[in-house]
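Below is one structure, written out as structure tokens; comments come after it.
The values are calculated or read from the model by the stated rules, or taken from the named source; none is laboratory data. Computed from a prediction, not measured in an experiment: that's the story for all the values here. Methodologically, a virtual Cβ is constructed for each residue, glycine included, from the backbone with ideal geometry; neighbour enumeration extends over all protein chains shown. For the accessible areas, the whole protein counts, side chains as well, though only heavy atoms, and no ligand, DNA or RNA atoms are used. Shrake-Rupley method; radii C 1.70, N 1.55, O 1.52, S 1.80 Å.
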Amino acid sequence: MAERGRPRQFDRQSVLNQAMRLFWANGFRSTSVEDLLGEMGINRGSMYATFGDKRSLFAESISHYAEEFVDKLGAIVGREGAVRDNIRASMRFVANLGDGKECTGCLLTHAAVEVAERDDELAQLVRNGMSAASKKIELAIQRGIDSGELGNVQNVQATAAILIAIFQGLNVFRCAGYPAEYIENVIESAMVHVS
């Protein structure tokens, strides 16, 4: 059966990326449908036909963000070279999420704090994203253990979970306006977990 109506006149991924960035900057509650339509450059009917309601678009934005974040994180911790240097670089990356002009923090953290407690599906999407990030860290840690670089790590999963928690804290510190030197000291102190 042929599709009815006019063909879509926009790139779905590009529009989703714009919505994700708006939710990331403003949060779910502070982002109106009108804000989304203006940012995405599409009409209400196109938004609902393509993504469903605002909450569905937010859910897809969380998944999209998590996928992008995990890919970037995996590329950093999976690089050739010393695992400790890669993990340090990943913490610096996380501490500087966003465009560098203002702190946008982490969309997974924002979603966890703002809405996940009251929405099981969104909470699961946040957990999925954090678990996928943790798996990338686990792989790097295991590589470091296998190479002999990381001889003191006793529990790979727990160490990765600690690092994910530190990542979230680094974002909060940056958004709270802590100076770069303070954040760098936190990063260096966190490195005790990967030795």
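Assorted remarks:
- If you go through the range 42-57 and keep only what is hydrophobic (A, V, I, L, M, F, W, C) and either open to solvent by less than 50 Å² (accessible area, probe 1.4 Å) or touching a helix residue (DSSP H, G or I) at 6+ places or on another chain (Cβ under 6 Å) (or both), you end up with ILE42, MET47, PHE51, LEU57.
- Answer residue from the range 25-36, given it is in contact (Cβ under 8 Å) with a residue 24 or more places away in the chain and open to solvent by 20 Å² or more (accessible area, probe 1.4 Å) and is nearest to VAL172 (Cα to Cα) among those: ALA25
- Taken over the range 110-146, the residue count meeting the criterion of being open to solvent by 60 Å² or more (accessible area, probe 1.4 Å) and either touching a strand residue (DSSP E or B) at 6+ places or on another chain (Cβ under 8 Å) or under 30 Å from GLY27 (Cα atoms) (or both) is 12.
- Subset of the range 147-169 (residues that are open to solvent by 20 Å² or more (accessible area, probe 1.4 Å) and of a type in the set (Ser, Thr, Tyr)): SER147
- Qualifying positions in the range 10-41 - assigned to a loop (DSSP other than H, G, I, E, B) and either within 22 Å of ALA123 (Cβ to Cβ) or modelled with pLDDT of 95 or more (or both): GLY27, PHE28, ARG29, SER30, THR31, SER32
- Residue identified as open to solvent by 60 Å² or more (accessible area, probe 1.4 Å) and in contact (Cβ under 8 Å) with a residue 12 or more places away in the chain among GLU39, GLU80, GLU60: GLU39
- Restricting the range 170-195 to residues that are surrounded by 11 or more Cβ atoms within 10 Å (Cβ to Cβ) and outside any helix (DSSP H, G or I) leaves a set whose member that is farthest from the chain's Cα centre (by Cα) is SER195.
Yes/no matrix, rows are residues, columns are (1) of a type in the set (Asp, Glu); (2) within 19 Å of SER90 (Cβ to Cβ); (3) within 14 Å of the chain's Cα centre (by Cα); (4) modelled with pLDDT of 95 or more:
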residue: GLY129; (1), (2), (3), (4): no, yes, yes, yes
residue: GLU138; (1), (2), (3), (4): yes, yes, no, yes
residue: ILE145; (1), (2), (3), (4): no, yes, no, yes
residue: ILE162; (1), (2), (3), (4): no, yes, no, yes
